[in-house]
1. Suppose the filter is facing chain B (nearest Cβ under 10 Å), crowded, with 22+ Cβ neighbours inside 10 Å and farther than 20 Å from A:ALA294 by Cα; does A:ILE371 pass it?
2. Cβ-Cβ under 8 Å, sequence separation 6+ or interchain: first residue in segment A:102-130 and among the aromatic types (Phe, Trp, Tyr), partner part of a helix (DSSP H, G or I). Which pairs?
3. Considering each of A:LYS439, A:LYS424 in turn, give the residue that is assigned to a helix (DSSP H, G or I) and either in contact with a Pro (Cβ under 7 Å, 6 or more places away or on another chain) or surrounded by fewer than 18 Cβ atoms within 10 Å (Cβ to Cβ) (or both).
4. List, please: which pairs have Cβ atoms under 6 Å, are six or more places apart or on different chains, and start with a residue in segment A:311-331 that is closer than 20 Å to A:ILE360 by Cβ and end with one that is of a type in the set (Ser, Thr, Tyr)?
5. Keeping to segment B:189-201, report how many residues are in contact (Cβ under 8 Å) with a residue 12 or more places away in the chain and either within 11 Å of chain A (Cβ to nearest Cβ) or among the charged types (D, E, K, R) (or both).
6. Quick check: is even one residue across segment B:269-287 within 12 Å of chain A (Cβ to nearest Cβ), small (Gly, Ala, Ser) and touching a strand residue (DSSP E or B) at 6+ places or on another chain (Cβ under 7 Å)?
Amino acid sequence: MLDSNKDSLKLEAMKRIVAMIARGKNASDLFPAVVKNVACKNIEVKKLVYVYLVRYAEEQQDLALLSISTFQRGLKDPNQLIRASALRVLSSIRVTIIVPIMMLAIKEAASDMSPYVRKTAAHAIPKLHSLDPEQKDQLIEVIEKLLADKTTLVAGSVVMAFEEVCPDRIDLIHKNYRKLCNLLIDVEEWGQVVIINMLTRYARTQFLNPNVNESLLEESSDKAFYASDDEEDEDEKAEVTTLEKRKPYVMDPDHRLLLRNTKPLLQSRNAAVVMAVAQLYFHLAPKAEVGIIAKALVRLMRSHSEVQYVVLQNVATMTIKRRGMFEPYLKSFYIRSTDPTQIKILKLEVLTNLANEANISTILREFQTYIKSMDKDFVAASIQAIGRCATNIGEVRDTCLNGLVQLLSNRDELVVAESVVVIKKLLQMQPEQHSDIIKHMAKLIDNIQVPMARASILWLIGEYCEHVPKIAPDVLRKMAKSFTNEEDIVKLQIINLAAKLYLTNSKQTKLLTQYVLNLAKYDQNYDIRDRARFIRQLIVPTDKSGALNKYAKKLFLALKPAPVLESPFKDRDHFQLGSLSHLLNAKAAGYQELPDWPESAPDPSVRNVEVIRLLERVTTLTSIPDWSKCSSRKDRKEKKVEKPFYSDSEGESGPTESADSESDSGSGSASASGSDEGGSGSESEESREETESEEEEEDEEEEKKKRKKLDMTKAKKQADESAESEQSSGAENRKRGRKAVKNQKSASESESESESSESEDESEEESEEESESDTDVRKKKMPVSKQPPKQSKKESKKETQEMSLLDLDDFEPAPASAPVTPVNFLSSRLVSDLEGLSLTDTILAPTTIAPSGLIKMYELLHRITGEGLAVEYCFSRQPFSPDPNMVAVQIQFTNNTNSETKNLHIEDPRLQSGMRIREFAEIDVLAAGESVTVVIGIDFCDSTQAANFQLCTHTRKFFVSVQPPVGELMTPAFLTENDFKKEQENLLNGKLMGMNEILEKLTLGEKCVNEHVIVERVTATANLSRVPCGSDKECSTPPPPPSAPVYRFAGKTVSSGCLVLVTVTTKEGGGAQLTVNCEKMVIGTMLVKDILQALSQ
Amino acid sequence: MIHSLFLINNAGDLFLEKHWKSVISRSVCDYFFEAREKAVEPDNVPPVIRTPHHYLINIYREKIFFVSVIQTEVPPLFVIEFLHRVAETFQDYFGECSETTIKDNVVIVYELLEEMLDNGFPLATESNILKELIRPPTILRSMVNTITGSSNVGETLPTGQLSNIPWRRAGVKYTNNEAYFDVVEEIDAILDKSGTTVFAEIQGVIDACVKLSGMPDLTLSFMNPRLLDDVSFHPCVRYKRWESERVISFIPPDGNFQLMSYHISAQNLVAIPIYVKQNISFFETGSSGRLDITVGPKQTMGKTVECLVVTVHMPKVVLSANLSATQGTYNYDPVTKILLWDIGKLNPQKLPNLKGSLSLQSGAPKPEENPSLNIDLKIQQLAISGLKVNRLDMYGEKYKPFKGVKYVTKAGKFQVRT
């Protein structure tokens, strides 16, 4: 059929062949017949022939050569699609002989008119490289050329080629860095991923660590910052002094540019892009900003399970380093019974990492549900997770242990086994108190069959045999009996147990030990035989026994450090997040290490100077008319670079860039054409206006400065010119703008179909900054740092932007993208604000006041730190009427100054997730010497985490925090004694019952002699009500012996309404027992502590 | 990047392979089969499998495993996302993405894969562009093609590929210009035994079907945009305008697409439209158990709950169920151990109830756990979050389009623990 004249028959034949290929059948016999059709006119036949060729050319190199001439013809075709596909196929047939032809074709295509063909050329580069690595040098040249390309279409592909061919040639990126950042948002999504990953690595080599201790950076940045400031005027000096005090870390503006331009991509629909941005922020952003990625990552959790799997892996790594980031999203990691097991286990991992004192009780409650799951692997993982929580958070260790012991009676053997293993690890941390648990476990050994669990129990008994002196030999006896039937791992532990017992209690166990060792001697497993031999020599005294014998006891019974239960994700963050290597926790082929931050930033100017050259090239491409002038300008620039003054500042510029006015020039001018493609027409117009307005605003100041600078600058001629042209520059600008528009139109390609409205926002912002930086540039240094007249709208941080004279050369094309010079002062300012402020967070001390009347006042703001404003607060124990779930906090303001304080209000509450605050109405005026009391409501969510907020007056802001003692988180509940008992039983019978009850023995303090004092103390500590008693004697339950008085108190937590039941049973001789039942374990534990202290004083 | 792709069906048959670089023997899939066997459930196959020389990254969709072979470092999500995009493209082209349709259209599949990747790097993944390059099969066209011998491969470069808006093709013409938006919200929730909400959030998407001529520039605004907590957009949406004005401004792709997806987090109060009273218990002796489920409306905002389905994954020991439903039908599949109760419309006057006994495998111990219930439901004409589209404006074209917005609320991962 292939020889037929009809296209339709050919097509049919080709379709069948392709179907064969798809099924994996060998169709290589048909090669000669197929290859003939490469010149076929029918485009579909042609395409299918291409498919065939690419598949089999490698096997039939000679015949494949026949088709080459067709492609060479195709490369010259006027249709760009045909040019591109010819190049594609040519580069895809892996035939070594045609390497030179390919090289030539790629070079040609790299300067093709059509960006689509250029893109194909970029794709062809890695193909050629893998075919013949010797072409690398030539290919790098092509890459360099294509990197300079400014269309979004090419950017992604060429960076991909870069990554594959020469990922270490970071120097190629310098001059394209800003362009890539600015184009990023318009690049197609796959390209975005590659570019972002590459830029992450780039930024790691070029910028300073934003999280490094600020003081380390201080000298370098300061120097650079002030290197050229000889003549600041007054207000600048003021600024400077404050600056010096703050010692800022100044982020390189290029670094900021990258962060700013990638942030919108978090909103991408493509999970890979979101992940790429997330890892970029994780690796590059200052701590304070990393948080924004959490939300986007949590969103990805809704995606396909494969995506979830990868995202969770990365989240797990992140949670180890930055736990706080994901805490608000805790609930998003709750597990559904329908999740696949691997997802469940990863979620569990994340939950465990997120656990802290505040949320442990909710997490443990979740875990309790998980334990009952049908999925046994998952149950085992849950038990381990409980174990890890217990080791990490001391407060719940006992409750967890109790819960796990309960699980030992579970019917499922796997659950029991896993619990045993975890309990073993926990017990190792504090064995003294738990001999009864060890005993309990010794009993279990009869029933448990899982080898790991048996081994764990045996190890425990051996290790702590002195705690269970009677049981241990008995266990050994049983084990000796069943020795031959055990698994290897159990046998080893039996030998260990025998050895340890022999050393501590040789009288009873000598024979047993010998018996076990004899059995082991003839075991099939060589490990066991070895071990038996070794131990026999070591512990059984013989005449030949060496020195080791003496130390046997030390060897076996040495104190072993408790194991640290660690996350398997602990060390994974040395791999770049989101990479394959990270996922596998092993280096994959071709993985590029994420470099460490440099000690000092490399010269940032590398990113500018050359951009001018780029500009030239680009201008040729887009035929901007004035390009000859551009080059003359460049000459001038280079001339200037040599001037001593400039080179000074350049040498020291370090990370600041503020001093480095030159740096802006490049991008400013480059952006003329390198600006958002397509948008540049409208943009230039935009920026023209901006520049104008900018000028007007700054005219005055600048005029002043200019005069001074003129003296300094050696580029006198120019400066003069600029001073004169100041007035006219606006007009010139306009002219220029128009020209640009015209150019744009004349420039062929589709780039001109711009969506003006889209670029509007961007260009507006950008051009604003640009016009400033741009002007610096031309002015030639002498940057004067001052506050910009207009704060950039969106940036919340302060920016010190340098301004200098405008010196607009009329031939300069419209500026577009230039980095801002944001100087991140926020953190430093914060620090200075906090300096004088003592946070009142040490108020957790238990109260010891009478229950009624007097209520303890806590200090919120001391009169000295508050500059005369003293603020105290107390828990009024009144229900907060607007919202019953809130704790009422009464705040008293006292104005100790001589003047009025105005506009007292709360601002910017920074609360833990779930916490809410209801502010008081603003106090307009507080006269001198007056005081006023207001009530606010805070929903603490039943945690003792402090509520942080700012207290603002008309002049100052104070950071304050209210931290509630645990006793204030509840309201009294009125129960009868019978209800009380019923509830108590309910709580006890809940899941993992051990966790809900805390028992503590105590000795009553001297003063706690009568009923009255005890009740008073308890109610002072916690907002509880006494349960009316009197029926004590009738009560039939045994625990409280009828003779001893029992006091019961009941309350509910304010936010969730959980019951809190407190029982104090006094005994003769000042002894007492305190029982607290509460579903919220943390509250229970803390309450016990507080009441204990109150009662024993 | 992506070296090769293998499609494998649920039974383990490899029915399509495509290589973008040199050929990799299909024996590499043995590692995959091994992992597949170990995982038991297809869901549990690890997405990334490591073999001595390659890495296999796979996804499972529509009962097909898409297994890609990777040789060097690449972000795994990149590959996973791409594979999903491939599956979506197939769905878009053939109506469904199944083994049969792929086998029937193997040539088009091959052409598509050829266009989507070049040397393993994604080339064209926008469906608008692909459709211009390779026209989707229709009955009419295949008839015409067989007669005239013309092809369904485009001859010119799609204009979109080169423009700033690669998602839209040029020269679109319709006689009826219309734009429809579906606001679909899904409630993800976990309720505990007592009916209290452990966790609830809303996931919403706005699906659009835009058939407008020319280059329309649309602006969609909401009554209450502050509700939206976290959003992700189709690349056509101008992010800056969303940031500054909270409106969605975009030049739409032609046809169906997902405009945006959003997330309303657990911090806001999420209305739970129904409550479930359940009691499932297994007796200590006698190998039997009892089941009693009642469903009732809670916060439905005055709308009716439709398509209500309760699914229960029973423990392995449950042999059969003898139940009676006051409304709808139930079905217990003893093989998959899934009890499915299809209720239909929820009538607030007469609450549906399912009651009866379960018989267990005799001799087996009583199951430890109680199964959890998965709920499926649908409420028409309601976005449960309260999100409302305010207006849709069009710029750039003269004609007056026909506009429409529809709201639907569904249950997403809605689970009741017992």
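The values are calculated or read from the model by the stated rules, or taken from the named source; none is laboratory data. Remember, it's a predicted structure, so these values are computed and weren't measured experimentally. Cβ coordinates were reconstructed from backbone atoms using ideal geometry, including for glycine residues, and neighbour counts include every protein chain displayed.
1. Details: facing chain B (nearest Cβ under 10 Å): yes; crowded, with 22+ Cβ neighbours inside 10 Å: yes; farther than 20 Å from A:ALA294 by Cα: yes.
The answer is yes for A:ILE371.
2. A:TYR116/A:GLN80; A:TYR116/A:LEU81; A:TYR116/A:ALA84; A:TYR116/A:LEU153; A:TYR116/B:GLN161; A:TYR116/B:LEU162
3. Values: A:LYS424 fails: either in contact with a Pro (Cβ under 7 Å, 6 or more places away or on another chain) or surrounded by fewer than 18 Cβ atoms within 10 Å (Cβ to Cβ) (or both).
Going through A:LYS439, A:LYS424 in turn, just one is assigned to a helix (DSSP H, G or I) and either in contact with a Pro (Cβ under 7 Å, 6 or more places away or on another chain) or surrounded by fewer than 18 Cβ atoms within 10 Å (Cβ to Cβ) (or both): A:LYS439.
4. Final answer for the pair search is A:ILE320/A:SER567; A:PHE326/A:THR319; A:PRO328/A:SER913.
5. Of all residues in segment B:189-201, those in contact (Cβ under 8 Å) with a residue 12 or more places away in the chain come to B:189-193, B:195, B:197-201.
Then drop every residue that is not either within 11 Å of chain A (Cβ to nearest Cβ) or among the charged types (D, E, K, R) (or both), which leaves B:189-190, B:192-193, B:197-201.
Total satisfying the criteria: 9.
6. Checking segment B:269-287: not a single residue is within 12 Å of chain A (Cβ to nearest Cβ), small (Gly, Ala, Ser) and touching a strand residue (DSSP E or B) at 6+ places or on another chain (Cβ under 7 Å).
For (1) among the aromatic types (Phe, Trp, Tyr); (2) within 47 Å of the chain's Cα centre (by Cα); (3) closer than 22 Å to B:ILE24 by Cα, each residue gets a yes or a no:
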| site | (1), (2), (3) |
| --- | --- |
| A:VAL35 | no, no, no |
| A:LYS47 | no, yes, no |
| A:GLN60 | no, no, yes |
| A:LEU81 | no, yes, no |
| A:MET102 | no, yes, no |
| A:ASP112 | no, yes, no |
| A:PRO115 | no, yes, no |
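Conditions (1) away from chain A (no Cβ under 14 Å); (2) under 29 Å from the mean Cα position of the chain (by Cα); (3) crowded, with 17+ Cβ neighbours inside 10 Å; (4) touching a residue at least 60 places away in the same chain (Cβ under 8 Å), marked per residue:
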residue: B:LEU346; (1), (2), (3), (4): yes, yes, yes, yes
residue: B:SER359; (1), (2), (3), (4): yes, no, no, yes
residue: B:ILE375; (1), (2), (3), (4): no, yes, yes, yes
residue: B:ILE379; (1), (2), (3), (4): yes, yes, yes, yes
residue: B:LEU387; (1), (2), (3), (4): yes, yes, yes, yes
residue: B:MET394; (1), (2), (3), (4): no, no, yes, yes
residue: B:GLN415; (1), (2), (3), (4): no, yes, yes, yes
